[in-house]
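Asker: Structure in structure tokens, see below.
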């Protein structure tokens, strides 16, 4: 049986008619393709000559296909390559008007070695559903700054004086060497106050709930979506706390505040309650989930106060300037009081000096007197 090449890439390849071994002509120019496909025809006719230019037919048992790859290409593909950069989850940051317990997850980079530069490409703001602030949130990008070398995101405290809602920050990462676009990061900053959050109460300790919090959050979001309220609903949970009531702390129970977001809009309390309320069906996903995680109550995270938007009127910058102004006023009052004291004390000294001078002038003059003369008398004479 003889084997003949059916396609040899213009003489780059040849085949041994007896053994079928394929050879590459070293004298030819190298091929740039990563994969070269050849086909060969086997025939018992020794006088077949060169095979005609025919297409490969996989149903023809006399034909076979050959894929040629270089050893360098195979080695390069099999070589383990680490990604240049690994982005950790920094999906969202939750802030309230007190700026207490703020945790800003910074994008951590692996194996980047300073090869990337960062810049903010834009900020999109969506007002919360319950927010009644009619003032337009102009230029939200001015509230954020970015370290070009590390990608650390910095937030201006002026944010608490703006409307509540979701700030979506888009960050471009470029290669420093070529300035080519490498990746796009997106961080969400959620500005929502505790007075518009809800709270789960669990019949299990804070430590146990802390271990299962991520799983509960994931399953809760999935269960809420399964209730038919929309696939764009997401629930964000705060850090679990020890349960506290009017009798004191109970370490066997725990609580965690949360809020609900539809797409990029923070829902009001009424709509949030509607989303997380289990139906009357005891076999609903939400009912089963609450039973598994021992949810015993859902209530407000904190009592609603009329001044929950106090940050809108007294921002941290305003408080700082008021403090500085008050200190300056106190310093001026102290200096004025000290100057008045010095002036009054100086007048007192002058009056005392005049009184002393007047007393000296009123004294009568001292009369002249003769110093007595003493004469020695000798009685023996």
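Values quoted throughout were computed directly from the atomic coordinates according to the rules given, and no laboratory measurement underlies them. Everything numeric here is computed off the predicted structure, so don't read it as measured data. Using ideal geometry, Cβ is built from the backbone for each residue, glycine included, and neighbour counts are taken over all protein chains shown.
Asker: What is the distance, in nm, between label points placed 7 Å from the Cα along the Cα-to-Cβ direction at residue 296 and at residue 211?
Answerer: Between residue 296 and residue 211, the label points sit 2.0 nm apart.
Asker: Rounded to the nearest 0.05, what FRET efficiency do residue 201 and residue 338 give with R0 = 56 Å and r taken as the Cβ-Cβ distance? Could you check?
Answerer: Efficiency computed from Cβ-Cβ geometry: 0.40.
Asker: Same structure, new question: Ranked highest first by the average count of other Cβ atoms within 10 Å around their residues, in what order do 243-253, 190-200, 149-159 fall?
Answerer: The densest-packed peptide leads the list: 190-200, 149-159, 243-253.
Asker: Order these peptides, 127-133, 344-350, 291-297, by their mean beta-carbon neighbour count within 10 angstrom, highest first.
Answerer: Ranking, from highest mean packing down: 127-133, 291-297, 344-350.
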